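These notes concern the structure reproduced below.
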Amino acid sequence: MPVSIEMSVSDSLESEDEDIPDTASVQHWAERACPCEEQVVVGVQVVGNAEMQELNHRWRGKDRPTNVLSFPMQSPAEVDLKILGDLALCANVINAEAAQQHKPAEAHWAHMVVHGMLHLQGYDHIDEQQAEEMEALEIRILEQLGYNNPYLEPA
């Protein structure tokens, strides 16, 4: 298991109140998005709107909740364990977006995990070329996982 997920749900969020995937699902999606030979560790925190809004404001200067934030980390050379970084996933935003976009919640969660994992590996979507590359990779990974292209508008 090259990707080890350390997943937790924020105390401010009642997991039974939200449609939150289990650790095994997140692990599976993360592994598909990070095909690496060496063992890496990723922290995954599922949070509510207020906590995500605070994180988004502090780290990106945007005073609103968002679906996923990625916090890459470079492990020091003397540390044997490679820590890829942390993901913050906002259950409320992800589930609301899935409903608004008429997508299964599971598919949208998978997309957000894949998207975040790619950010942890250095992919970005700042300019059009980067966005096209990252989106193509997301589409391919999600298809391998059995999910539809997340960028297609529902019929």
Residues that are among the small types (Gly, Ala, Ser), assigned to a loop (DSSP other than H, G, I, E, B) and either crowded, with 18+ Cβ neighbours inside 10 Å or in contact (Cβ under 8 Å) with a residue 60 or more places away in the chain (or both): does region 43-50 have at least one? yes
Among residues of region 93-142 being within 13 Å of Asp19 (Cα to Cα) and of a type in the set (Asp, Glu), the residue surrounded by the most Cβ atoms within 10 Å (Cβ to Cβ) is Glu97
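Which residues, taken from region 33-78, are among the β-branched types (Val, Ile, Thr) and over 19 Å from Gly122 (Cβ atoms)?
Val46, Val47, Thr66, listed by residue number.
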Residue that is surrounded by 21 or more Cβ atoms within 10 Å (Cβ to Cβ) and out of contact with any Cys (no Cβ under 7 Å at 6 or more places or on another chain), where the choices are Leu89, Leu81: Leu89
Counting only residues that are without any contact (Cβ under 8 Å) to a residue 40 or more places away in the chain and not acidic (Asp, Glu), which one in region 60-70 is surrounded by the fewest Cβ atoms within 10 Å (Cβ to Cβ)? Gly61
For the structure I just gave you, tell me whether Thr66 is among the polar types (S, T, N, Q) and either more than 14 Å from Glu6 (Cα to Cα) or in contact with a helix residue (DSSP H, G or I) (Cβ under 6 Å, 6 or more places away or on another chain) (or both). yes
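Residue by residue, here is whether (1) modelled with pLDDT of 95 or more; (2) in a helix (DSSP H, G or I); (3) touching a strand residue (DSSP E or B) at 6+ places or on another chain (Cβ under 7 Å); (4) aliphatic (A, V, I, L, M) holds:
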{"residue": "Ser75", "(1), (2), (3), (4)": "no, no, yes, no"}
{"residue": "Leu84", "(1), (2), (3), (4)": "no, no, yes, yes"}
{"residue": "Leu89", "(1), (2), (3), (4)": "yes, no, yes, yes"}
{"residue": "Val93", "(1), (2), (3), (4)": "yes, yes, no, yes"}
{"residue": "His108", "(1), (2), (3), (4)": "yes, yes, no, no"}
Just to be sure I understand the filter: pairs with C-beta atoms under 7 Å, separated by 6 or more residues or on different chains, first member in region 133-155 and free of Cβ contacts under 8 Å to residues at least 40 places away in the same chain and farther than 13 Å from Ala98 by Cα, second member exposed (fewer than 11 other Cβ atoms within 10 Å of the Cβ) and among the charged types (D, E, K, R). Which pairs pass? none
Filter region 18-32 for residues that are among the acidic types (Asp, Glu) and farther than 18 Å from Leu120 by Cβ; which is modelled with the lowest pLDDT? Glu18
Subset of region 123-138 [assigned to a helix (DSSP H, G or I), more than 15 Å from Asn149 (Cα to Cα) and acidic (Asp, Glu)]: Glu128
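The values are calculated or read from the model by the stated rules, or taken from the named source; none is laboratory data. Quick caveat, the model's predicted, so the values are computed rather than measured. Glycine gets a Cβ as well: all are built from the backbone with ideal geometry, and neighbour counts include every protein chain shown.
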